């Protein structure tokens, strides 16, 4: 009788610990996603200032400004991870186009405001990349628990499912050099 009671306590204890581990993992990847959103918001806030600075020098490049504004709007409205990934790639391409325009305007490249915005945007991109790596690491850990025996039993019982990674497509703008045309 004592052995059965000990086994029951161990099994119940394992279920409780396993369940709490899933809750902890879910909270970690949710917090990691919030960190990404903070950096994305910072990026979205910097872009209008960058557009306005470039507009001051290259007023006839209105289609590029419209592309950036439209891409920023789509990125801000993205709801799923896949939508975010696609929108972020498009926004990156549009911003890269702005930097390409800036290459044709030496006065703009020397403008202190433009240089500072470019530095801040670069810093933000690095923070986004670090936050994305951290998020994907927490998702990997969570998914490993969901898929591993015996914790997968608790995952199925309580409806825990694999979390989505935040991967940008292979044509990630950050990996491609800026093309400058004169």
* Structure fact -> A correct Kirkwood calculation over the Cα atoms of the chain returns a hydrodynamic radius in Å of 19.1
* Asked: Roughly how tilted is helix 62-77, in degrees to the nearest 10 and between 0 and 90, from the longest Cα axis of the chain?
  -> 10
* Asked: Once both axes come from the Cα atoms, what is the angle between helix 81-103 and the longest principal axis of the chain, in degrees from 0 to 90, rounded to 10?
  -> 20
* **Separation of the residue 115 and residue 9 label points, Cα + 7 Å toward Cβ, nm** => 7.0
* **Highest-first arrangement of 104-116, 132-144, where packing means the average Cβ count within 10 Å** => 132-144, 104-116
* To do: Provide the FRET efficiency to the nearest 0.05 for the residue 17-residue 133 pair, computing r from the beta carbons and using R0 = 25 Å.
  => 0.35
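Return the calculated 222 nm mean residue ellipticity for the chain, to the nearest 500 deg cm²/dmol, obtained by summing -39500 (n - 2.57) across DSSP H runs with n ≥ 4 and dividing by the residue count. Don't skip to the end; give the middle numbers.
Numbers: 6 runs with 142 residues, N = 182.
My calculation for the chain gives -27500 deg cm²/dmol from helical runs alone.
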* Given the C-alpha centroids of segment 28-70 and segment 105-163, what is the distance between them in whole angstrom? -> 18
* Structure fact -> Under the 7 Å Cα-to-Cβ spin-label approximation, residue 82 and residue 35 lie apart by a distance in nanometres of 2.7
* Structure fact -> Hull surface over four for the Cα convex hull of segment 1-43, reported in nm², is 2.3
* Tilt of helix 2-55 relative to the longest C-alpha principal axis of the chain, in degrees (0 to 90, nearest 10)? -> 10
* Grab the beta carbon distance between residue 45 and residue 123, set R0 = 22 Å, and tell me the FRET efficiency rounded to 0.05. => 0.95
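Computed from the coordinates by the stated procedures, all read-outs in this text should not be read as laboratory data. Please read these numbers as outputs of a predicted model, since none were measured by experiment. Cβ sites come from the backbone with ideal geometry, for glycine too, and all protein chains shown count toward neighbours.
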